[in-house]
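Working notes, beginning with the structure itself.
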Amino acid sequence: MFFIGKGIDNIDIMSGRYKRALDAGANAASAYRAYYSEEMLYDQGTGFGIGLENSNNVSIEREEAVKWFYRLFFRNIGAMDIDKQNEIKRYIPMKAIILFDRLMIADADDNWSTYDPSGEKEYIVQYRGKEYKFTLSDQVYDIENSLWVKAEDIGLDTKERKALVSEYIISELNSFLDNRANKESGSRYKIVFSIDDAADRKLSGINGVNFFILCEGVPISSLNPFKQEKFFAYSVGGSEVKKK
């Protein structure tokens, strides 16, 4: 029984290590170094864009963000060898940047166009038979009339608007993971964020710009001498960009 259970024990240990390293990497990725300038982040007012006619996204250098993520992630798990880093990267199938008005997702090869040829998607959601471009605030773009309005102008309260945007993002993340290239684990994922912060206190909601990662972890071989098994130490990490 000692040999059979050893691999499972190691999963808990590695999941904890991955979690700490993922959070450290995500925190570095969302730091000001990933943005065009720290001053720009300060000047955003709300931190995520301001004004209906000037609904600017926080400008991000996504390649720089991913570089900083890896730098801290590998340092925290003690993987400084390039070959080892490349092996581990195969088991990080998703790095997502949840922005003010669009979503970017990179695959295990840090390729953004796998998600969409343009490398990103805006939050285009149908509501009452019309398409709108939603944001993480109450600003909504009426595509048909080429006009910025507020969510309340189209009959949405804060809770309903947040639910629509969150459900869209959750669906996109899960769809990307279901269609990932490396399915060695054979697992399907279900990423869940809180739709209603008041009701789901144990879950984090999408309340701002985030850097989010899922890691399967390099498979751990079982020490069971009678059966060849591999276990995966799944873990997620993330960090939200806060207003200064």
Below 12 Å, Cα to Cα, which aspartates and glutamates can residue 133 reach? Residues fewer than 8 away in the same chain don't count. 101, 122, 142, 144
Cα→Cβ-extended label distance, 7 Å offset, between residue 154 and residue 75, nm: 4.3 nm
For the pairs 95/183; 19/183; 19/95, flag any whose C-alpha to C-alpha distance is greater than 19 Å. 19/183
Take each of the peptides 112-122, 92-102, 166-176, 16-26, average the number of other beta-carbon atoms within 10 Å over its residues, and list them starting from the highest. 92-102, 16-26, 166-176, 112-122
Quick calc, region 103-200, dipole around Cα centre from Cβ unit charges on Lys, Arg (+) and Asp, Glu (-), nearest 20 debye, gives 220 debye
Please name whichever of 103, 154, 170 sits farthest to the positive end of the charge dipole of region 87-183, dipole taken about the Cα centre and charges placed at Cβ: Lys and Arg +1, Asp and Glu -1. 170
On a straight-distance basis, which aspartates and glutamates could pair with residue 89 in a cross-link, Cα separation under 19 angstrom, same-chain partners fewer than 8 positions away excluded? 23, 63, 64, 81, 107, 109, 110, 178, 184, 216
Rank-order 183-194, 127-138, 230-241 by packing density, defined as the average count of other C-beta atoms within 10 Å over each peptide's residues, highest first. 230-241, 127-138, 183-194
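Here, each number is a calculation from the coordinates, and none is a lab measurement. This one's a predicted model, so the numbers in the text were calculated from it and none came from an experiment. Using ideal geometry, Cβ is built from the backbone for each residue, glycine included, and neighbour counts are taken over all protein chains shown.
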